[in-house]
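The values are calculated or read from the model by the stated rules, or taken from the named source; none is laboratory data. What you are looking at is a predicted structure, and each value in this text was computed from that prediction instead of being measured. Note that we place each Cβ from the backbone using ideal geometry, even for glycine, and neighbour counts take in every protein chain shown. Heads up: the accessible areas ignore ligands, DNA and RNA and are worked out on the full protein's heavy atoms, side chains in. Shrake-Rupley method; radii C 1.70, N 1.55, O 1.52, S 1.80 Å.
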Amino acid sequence: MNKLLKYILIILVAVIVVGLAAGIYLYNKPHKNIERSKADFKMPASQLYNEFSNNENTANQKYLDKTIEVIGIVADKSFNDKGEITLVLRAPSDMSGVSCTIDPRFTEKAKLTEKGKQVKIKGTCTGILLDVVLIHCVIEE
Amino acid sequence: MKSVIFSFIFLMCTTGLSFSQKYIDKTGHIWFYSHTPVEDIEAHNRQTTSILDTKTGELIFQVLIKSFEFQRSLMEEHFNENYMESDKFPKASFKGQIINIASIDLTKNGTYSVDVEGDLTIHGVTKKISTKGTLEVKDGKIAGKSKFEVIPQDFGIQIPDLVKDKFAKQMDVTVEMNYELMQ
């Protein structure tokens, strides 16, 4: 009888420890690492923009939260109030395109890119305002 | 003579057009903050898009819900999936007016207090709000700031009893924009 109680106790403690560990892990779960995650879609920036401007709902269903790799020409480069760089890839005009907020780890690389240059950028799609927005972006080349 | 008058009218019209001044910011900063003894919650969105018409006082804001960044990814997940339902309602917006626009001159450098009124749409629910803010004009650029409170329940956002202690009744929302003349 004592033996049985001991087993039950051990199992109980094990369950609690595993539960706690899982809880702590979940609570501190790291953000998605874009650099290491594989792109769900690869396309020219203009194609992504066109799909959103043709049918926003369909594009939302297809692309929201997905990792997307886009290629395009830099139309604008700006800094936000945190010092992060946002590169806008033109598609189809300078007025609208794909806006990519660059992950701080890639700020130095982003500083080197100039307007008119072609870049390949990977980021998470959050939707469309005036531009299609990608966040946590890394510069591939 | 006729042609002179005509060109004069034409000139009036075109300069009139160029006076309709629209300012834009596509990387504005909106954040919210909730404080309770149990937990502080804070999230930032630096892809806020806004257009300000300095002539009519018309003011538009749009944010993507999924662009809000939290310190903890679990909070971000809950915010999107459980509370804001961002797959269903990917955007929040404000469309309104600076109601005292006639009494301020935004072509001159200076800091101006503004009263703003309009429709705030969050989670698919639209409500009228009014708030105060400041516009600081400096060499053709305009920095806009405002602070207001949002009560999640007003917008049909349900917070389960189990985690109610973690959320303040009101969220403090702060807006900071840096407008440039729209090309």
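When B:Gln97, B:Gln71 are checked against the criterion of being more than 14 Å from every other protein chain (Cβ to nearest Cβ), in contact (Cβ under 8 Å) with a residue 24 or more places away in the chain and not aromatic (Phe, Trp, Tyr), a single residue qualifies: B:Gln97. Contact annotation: residue pairs with Cβ atoms under 6 Å, 6 or more positions apart or on different chains, pairing a residue in the range B:130-151 that is among the β-branched types (Val, Ile, Thr) with a partner that is surrounded by fewer than 14 Cβ atoms within 10 Å (Cβ to Cβ), are B:Thr134/B:Thr111; B:Thr134/B:Ser113; B:Val137/B:Asn109; B:Val137/B:Gly110. Which pairs turn up if I take residues in the range A:32-45 that are hydrophobic (A, V, I, L, M, F, W, C) and look for partners that are open to solvent by 30 Å² or more (accessible area, probe 1.4 Å) and in a loop (DSSP other than H, G, I, E, B) with beta carbon separation below 7 Å, at least 6 apart in sequence or on another chain? Partner pairs satisfying both residue conditions: A:Phe41/A:Lys66. Restricting attention to the range A:41-83, the residues that are in contact with a helix residue (DSSP H, G or I) (Cβ under 6 Å, 6 or more places away or on another chain) and of a type outside the set (A, V, I, L, M, F, W, C) total 2.
Are any residues in the range B:130-183 in a helix (DSSP H, G or I) and over 20 Å from B:Phe68 (Cβ atoms), and if so, which ones?
Scanning the range B:130-183 gives B:Asp161, B:Leu162, B:Lys164, B:Asp165.
If A:Ile34 satisfies all but one of (1) modelled with pLDDT of 90 or more; (2) of a type in the set (A, V, I, L, M, F, W, C); (3) touching a Cys at 6+ places or on another chain (Cβ under 9 Å); (4) more than 18 Å from B:Asn45 (Cα to Cα), what's the number of the condition it fails? With respect to (1) modelled with pLDDT of 90 or more; (2) of a type in the set (A, V, I, L, M, F, W, C); (3) touching a Cys at 6+ places or on another chain (Cβ under 9 Å); (4) more than 18 Å from B:Asn45 (Cα to Cα), A:Ile34 is out only on (1).
What residue, among those in the range A:100-121 that are within 14 Å of another protein chain (Cβ to nearest Cβ) and open to solvent by less than 50 Å² (accessible area, probe 1.4 Å), is nearest to A:Ser37 (Cα to Cα)?
Kept after step one, since they are within 14 Å of another protein chain (Cβ to nearest Cβ), are these residues of the range A:100-121: A:100-104, A:107, A:110, A:115.
Checking the rest, the ones that are also open to solvent by less than 50 Å² (accessible area, probe 1.4 Å) come to A:100-103, A:107, A:110.
On the way: A:Cys100: 17, A:Thr101: 17, A:Ile102: 16, A:Asp103: 14, A:Thr107: 19, A:Ala110: 20 Å.
Top of the filtered list is A:Asp103.
Specify which of the listed residues (A:Thr124, A:Thr67, A:Thr86) is β-branched (Val, Ile, Thr) and more than 11 Å from chain B (Cβ to nearest Cβ).
Working: A:Thr124 fails: more than 11 Å from chain B (Cβ to nearest Cβ); A:Thr86 fails: more than 11 Å from chain B (Cβ to nearest Cβ).
Being β-branched (Val, Ile, Thr) and more than 11 Å from chain B (Cβ to nearest Cβ) holds for just one of A:Thr124, A:Thr67, A:Thr86, which is A:Thr67.
Checked against the criterion of being of a type in the set (D, E, K, R) and either more than 14 Å from chain A (Cβ to nearest Cβ) or part of a strand (DSSP E or B) (or both), the candidates B:Lys66, B:Lys88, B:Lys55 yield just one match: B:Lys55. Candidates B:Phe61, B:Phe79: the one that is of a type in the set (A, V, I, L, M, F, W, C) and assigned to a strand (DSSP E or B) is B:Phe61.
Checked against the criterion of being away from chain B (no Cβ under 14 Å) and without any contact (Cβ under 8 Å) to a residue 24 or more places away in the chain, the candidates A:Leu48, A:Leu26, A:Leu5 yield just one match: A:Leu5.
Restricting the search to the range A:46-85, which residues are within 26 Å of B:Met182 (Cα to Cα) and assigned to a helix (DSSP H, G or I)? Passing the criteria: A:Ser46, A:Gln47, A:Leu48, A:Tyr49, A:Asn50, A:Glu51, A:Phe52, A:Ser53, A:Asn54, A:Glu56. Among B:Ile101, B:Ile122, which is the only one that is farther than 29 Å from B:Glu39 by Cα and in contact with a strand residue (DSSP E or B) (Cβ under 9 Å, 6 or more places away or on another chain)? Result of the check over B:Ile101, B:Ile122: B:Ile101. When A:Ser78, A:Ser96 are checked against the criterion of being open to solvent by less than 80 Å² (accessible area, probe 1.4 Å) and free of Cβ contacts under 8 Å to residues at least 12 places away in the same chain, a single residue qualifies: A:Ser78.
Considering B:Thr174, B:Thr134, the condition of being open to solvent by less than 70 Å² (accessible area, probe 1.4 Å), modelled with pLDDT of 95 or more, closer than 20 Å to B:Gly118 by Cα and within 14 Å of chain A (Cβ to nearest Cβ) is satisfied by B:Thr174 alone. Restricted to the range A:1-53, and to residues there that are open to solvent by less than 50 Å² (accessible area, probe 1.4 Å) and touching an Asp or Glu at 6+ places or on another chain (Cβ under 8 Å), the residue that is farthest from A:Phe106 (Cα to Cα) is A:Tyr49.
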